[in-house]
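Asks: Let me begin by handing over the structure; questions about it come next.
The values are calculated or read from the model by the stated rules, or taken from the named source; none is laboratory data. Keep in mind that this is a model prediction, so the values were computed, not measured. Just so you know, the surface numbers come from the protein's heavy atoms only, side chains and all, with ligands and any DNA or RNA stripped out. Shrake-Rupley method; radii C 1.70, N 1.55, O 1.52, S 1.80 Å.
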Amino acid sequence: MSFLDYATLIAGVLGLAAITIGAGMIFLPAGFIVAGAGLVAWSYIVARAGAGSKG
């Protein structure tokens, strides 16, 4: 992995954490919903990227 890949990963994780914490400060269950939606979106993106690199 290149530096850009690591920087993108760190930015994505920090961004998801910031959004989740912010939503959780407003309403705790909303924080869990945001975290779950973010992880589902993340897994979709990773799966698409993995499928694209195989073919």
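Asks: Enter the angle in degrees (range 0 to 90, nearest 10) between the Cα long axis of helix 3-26 and the first principal axis of the Cα atoms of the chain, meaning the one along which they spread out most.
Replies: Once rounded, one gets 20 degrees.
Asks: On each of the three principal axes of the Cα atoms of the chain, give max minus min coordinate, whole Å, ordered largest first.
Replies: Over the chain, Cα extents along the principal axes are 43, 22, 7 Å.
Asks: How much accessible area per residue does the chain have, in Å², with a 1.4 Å probe?
Replies: 80 Å²
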